[in-house]
Every structure is written in structure tokens, then in C-alpha cells.
Amino acid sequence: AQKITQTQPGMFVQEKEAVTLDCTYDTSDQSYGLFWYKQPSSGEMIFLIYQGSYDEQNATEGRYSLNFQKARKSANLVISASQLGDSAMYFCAMRGMKTSYDKVIFGPGTSLSVIP
Amino acid sequence: DAGVTQSPTHLIKTRGQQVTLRCSPISGHKSVSWYQQVLGQGPQFIFQYYEKEERGRGNFPDRFSARQFPNYSSELNVNALLLGDSALYLCASSVMRLTGPNEQFFGPGTRLTVL
């Protein structure tokens, strides 16, 4: 069975500092994709970044980067130069490639608060 | 281009009633997935529809059903509502590639409260 673990229920970061949100996963699939989503208090899930299991380089999207360590089954999100608007829930998620349908498994989330 | 839209935004029902939630995907997206997000938890997969056919179902009772229309919009129906059905219901659309990112784009959700 696939599972996502996020061990940090809440995190605080000073504005303009970098922060790392932890994510570990469990899967027996050889091919899979890892995602990070942001969910502000409004409720909408916003796609941030994607890492494929066979991608050799860590994914980056603007201020977001994904620290992918396949052997350790971890996919930590790094946010550089934090902004007040980064305060939100962050979800790590995974999609296996063996199934013929598009099921995404989400972790429990980490609440990030950016302090001015 | 318009994003994923959902209606209604909020809904209050009583136990035993039935509810229908609606979703319109991004133009060009043929896959629609439904998720239930209980307060304080991550979203849980309910259904995926692609080309009007159910492609996947999560671990939810038969009280939950859905369908997809020729224009790729979708409805989620929940019968015999229970207090535990109170949640944010999220709809997501994608182009449905089995490889590559195939990121899902989410709508704003429908917040259902069952009294």
C-alpha cells in the first residue's frame, strides 16, 4: 500500500528565511510521481512542484525546490526566501504509475506560518 | 482560461438527506477526480472519471456515486448523509497522462455540513 508521512504538524519561519518541509513515502511501485500542493485558508489546492521517480535531478520551480532522496524515500520541499503569503497548509502527495487511473495519495499536511 | 469550478460553495444538509455537488474541469481536461477532505486531514480519493467512465474508486461506501457528462463536467452524489460526511469536497481535473507530471488542478471545493 502507498503511504505519505509528514511528521511536522506545524512549522514557523521568519520572513525571507528558507524552510524545509519533510515528506517520506512508502510504495512498492518502481515508477511513481511525487507532488507538493499548497492549501491556503481559502481551501483551494495549488500545485507547486513535481518529481518523477526516474528524474535524476531535483525539481525546482521558482522559490520551490524538491530535495529527492530515492533510497531514503524522502521528498522534502524547500521554500527559499519565505514570504508572508506562503503561510498555508502544505501537502505532499504521490501517484503510482501501475494503476490505470489517476489516484493521488496525500499526506496529513504541514501548517506553515511565516513570521514578519 | 477558467480554472476548475465547483458549485455550490457551501451546503448545509441534515442527516439522511441526499446531496449533489457539481464540477466543471479546465477546458481540454477529460479527467475529473473527486476527493473528500475532512478537517485537519489530507484529501482522500473518492472517484476518478475519464471519458465519461469510472476509472477508479477509493474506499468509500456505495452511498457515494458520481458521473461525468459529454462536456466532461461531473457530479458527485451522496445519499443518506451521515454526520461524518461533513467535509470539504474537492474536484480536480487533469489531461490524464499515465506518465509524466499529469498534475491535477483543483477547484475551490464545496464545503458540506451535515447537521
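Among the residues making up the stretch A:31-53, those that are more than 8 Å from every other protein chain (Cβ to nearest Cβ) and in a strand (DSSP E or B) are A:Tyr32, A:Leu34, A:Trp36, A:Lys38, A:Gln39, A:Leu48, A:Ile49, A:Gln51.
Looking at B:Ser93, B:Ser33, can you tell me which residue is within 20 Å of A:Trp36 (Cα to Cα), in contact with a Pro (Cβ under 8 Å, 6 or more places away or on another chain) and in a strand (DSSP E or B)? Can you show your working first?
Details: B:Ser33 fails: in contact with a Pro (Cβ under 8 Å, 6 or more places away or on another chain).
That would be B:Ser93, the only listed residue that is within 20 Å of A:Trp36 (Cα to Cα), in contact with a Pro (Cβ under 8 Å, 6 or more places away or on another chain) and in a strand (DSSP E or B).
When the stretch A:74-107 is filtered for residues that are modelled with pLDDT of 95 or more and either in contact with a His (Cβ under 8 Å, 6 or more places away or on another chain) or surrounded by fewer than 16 Cβ atoms within 10 Å (Cβ to Cβ) (or both), the ones remaining, listed by number, are A:Ser80, A:Ala81, A:Gln83, A:Leu84, A:Gly85.
Within the stretch B:13-28, the presence of at least one residue that is assigned to a loop (DSSP other than H, G, I, E, B), at pLDDT below 95, more than 10 Å from chain A (Cβ to nearest Cβ) and more than 26 Å from A:Gly107 (Cα to Cα) is confirmed.
Scanning the stretch A:1-30 for residues that are hydroxyl-bearing (Ser, Thr, Tyr) and either assigned to a strand (DSSP E or B) or open to solvent by less than 60 Å² (accessible area, probe 1.4 Å) (or both) yields A:Thr5, A:Thr20, A:Thr24, A:Tyr25, A:Thr27.
Do you know which residues across the stretch B:9-39 are small (Gly, Ala, Ser) and open to solvent by less than 30 Å² (accessible area, probe 1.4 Å)?
Within the stretch B:9-39, B:Ser31, B:Ser33 meet the criteria.
Evaluated against (1) assigned to a strand (DSSP E or B); (2) charged (D, E, K, R); (3) open to solvent by 30 Å² or more (accessible area, probe 1.4 Å), B:Asp62 falls short on exactly one condition, (1).
Could you check, for the stretch B:67-80, whether at least one of its residues is in contact with a helix residue (DSSP H, G or I) (Cβ under 9 Å, 6 or more places away or on another chain), within 23 Å of B:Leu115 (Cα to Cα) and either within 12 Å of chain A (Cβ to nearest Cβ) or crowded, with 16+ Cβ neighbours inside 10 Å (or both)?
yes
Quick check, is A:Glu44 open to solvent by 50 Å² or more (accessible area, probe 1.4 Å) and modelled with pLDDT under 95? Taking the combined requirement at face value, the residue satisfies it. Here B:Pro108 meets each of (1) at pLDDT below 95; (2) exposed (fewer than 14 other Cβ atoms within 10 Å of the Cβ) with one exception, condition (2). Look at the stretch B:52-66: where a residue is among the charged types (D, E, K, R) and a partner is at pLDDT 95 or above and part of a strand (DSSP E or B), sitting 6+ places away or on another chain with Cβ atoms under 7 Å, you get B:Lys52/B:Gln68; B:Arg63/B:Val78.
The values are calculated or read from the model by the stated rules, or taken from the named source; none is laboratory data. Just so you know, these numbers come straight off a predicted model, no measurement behind them. Counting neighbours? That spans all protein chains shown, and the Cβs are built from the backbone with ideal geometry, glycine included. Areas reflect the complete protein model, heavy atoms only, side chains present, ligands, DNA and RNA absent. Shrake-Rupley method; radii C 1.70, N 1.55, O 1.52, S 1.80 Å.
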